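Visitor: The structure's right below; bear with me while I get my questions together.
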Amino acid sequence: MTPRELKIATRGSALALWQAEFIAGKLNAAGVKTALHVVKTTGDLVQDRFLSEIGGKGLFVKELEDAMLAGHADIAVHSLKDMPVNLPPAFRFGAILKRHSAHDVLIVREKSAASAGLSERNGQWLTSEDLSAAGPLTIGTSSLRRASLFARYATKFKNLPVRGNVDTRLRKLHEGQFDAIVLAAASLERLGAKLWENVPRSAFVVCPLPMDEFVPCAGQGALAIELPNTGDLLGNILQPLHCFDTEFCVTVERTVLRSLGGDCTMPFGALCEIEMDSVGTRFASASATLLNKDGQHASAKIRIEIVDGKTPETIGAKLLTALSEAGAAEILTALQLPVPDAMRLH
């Protein structure tokens, strides 16, 4: 029996509303009526401190979970990258949708791009060599991963903290508080022209950053539907939205992050993609990087054929071993973070 109306908990930013409405549209097309329940989360309300100082990424999630427990909503829609690696026992994933673009994008004020030698690079991918050669820029980012990657590849860049949703960050950039910001490409892909309603697109140079060097955070680009861990009714309704390949890949990424004890306080990136050779054999190509704030890093990449017994968890464990062999324990020690037993080489 289908619920009379499926209530979807969501944050109230333009991007979060797009994501919830995207899910609602797919459900409506399948004959399921929906309604949005907008929730203000602590992560949205507290804008004067880093996430690591006020409780981490779970602050974007907890109030949505509370709304489900209180009966105000049946499901919640999240950017998977914002979700803690360990869900509370009362909740589970109902579906993980096919991934949108996973890479990051550098957005530079036109005037700043000219002085940095990037004015002719609009729409072009920027390699580590391009970033190293670019003139000084102040980058608005509160992501330790992004700041550490710039410390590695672009020593002339200076990172300044910025909080707020996509609209707020673009406004601050347009006002000249920074020379550039970094956004997930999925944000641009989802919002489309709406992203530029309050700031002119022509005022910026927009350059994608390659994932083999600028490794995205675990789960970036994927949408997840969370629901209470009771019964199978909603799970059956949501199953047609689920993408098994995306679930496989993000599980690899989140397995490594979970093993590291990681959250938003850790400068860490991971990406898994499924590749197919000319005869149809499927491979998981997975990479991870762990960085210190001065650009020191441990990076690893593996490529494993997907056969019976090769679960995403086993592939994640192999990637963790490769990361250990690349010196990840030393990076964790430099970050004053505990070294998991799984990373202590014997």
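Visitor: Report the local net charge at SER101: Lys and Arg +1, Asp and Glu -1, summed over other residues whose C-beta lies under 11 Å from its C-beta.
Guide: Within the 11 Å Cβ shell, the charges total 0.
Visitor: Right, something else. Among HIS37, HIS72, which comes first, second and so on when ranked by fewest other beta-carbon atoms within 10 Å?
Guide: HIS72, HIS37
Visitor: Then there's this: So how do 192-201, 77-86 stack up, highest first, on mean other-Cβ count within 10 Å?
Guide: Result, highest mean Cβ count within 10 Å first: 77-86, 192-201.
Visitor: Roughly what % antiparallel, to the nearest 5, for the DSSP beta bridges in the chain?
Guide: Expressed as a percentage, antiparallel bridges in the chain total about 75.
Visitor: Another question, if that's okay. Under the rule of -39500 (n - 2.57) per DSSP H run of 4 or more residues, summed and divided by the residues of the chain, what mean residue ellipticity at 222 nm is obtained, to the nearest 500 deg cm²/dmol?
Guide: Result for the chain: -9000 deg cm²/dmol, rounded to the nearest 500.
Visitor: Okay, next question. So if I take the alpha carbon set of region 104-209, get Rg, then get Rh from the Kirkwood formula, what is the Rg over Rh ratio?
Guide: Dividing the radius of gyration by the Kirkwood radius yields 0.92.
Visitor: OK, next. What is the P(r) of the chain, as percent of Cα-Cα pairs per 10 Å bin from 0?
Guide: P(r) over the chain, rounded to whole percents: 5, 24, 33, 26, 10, 1, 0.
Visitor: Which links in LYS7/LYS62; LYS81/LYS172; LYS26/LYS98; LYS111/LYS194; LYS111/LYS158 stretch past 20 Å when you go from one Cα to the other?
Guide: LYS81/LYS172; LYS111/LYS194
Visitor: Taking amide H positions as placed 1.01 Å from N in the peptide plane, with prolines and chain starts having none, which residues 5 or more places from ARG92, or on another chain, fall under 5 Å of its amide H?
Guide: For ARG92, the qualifying residues are LEU227, ASN229.
No value in this document is a laboratory result; all are computed from the given coordinates. Quantities reported herein were computed from a predicted structural model and do not represent experimental measurements. Here the Cβ is made from the backbone with ideal geometry for all residues, glycine too, and neighbour counts use every protein chain on show.
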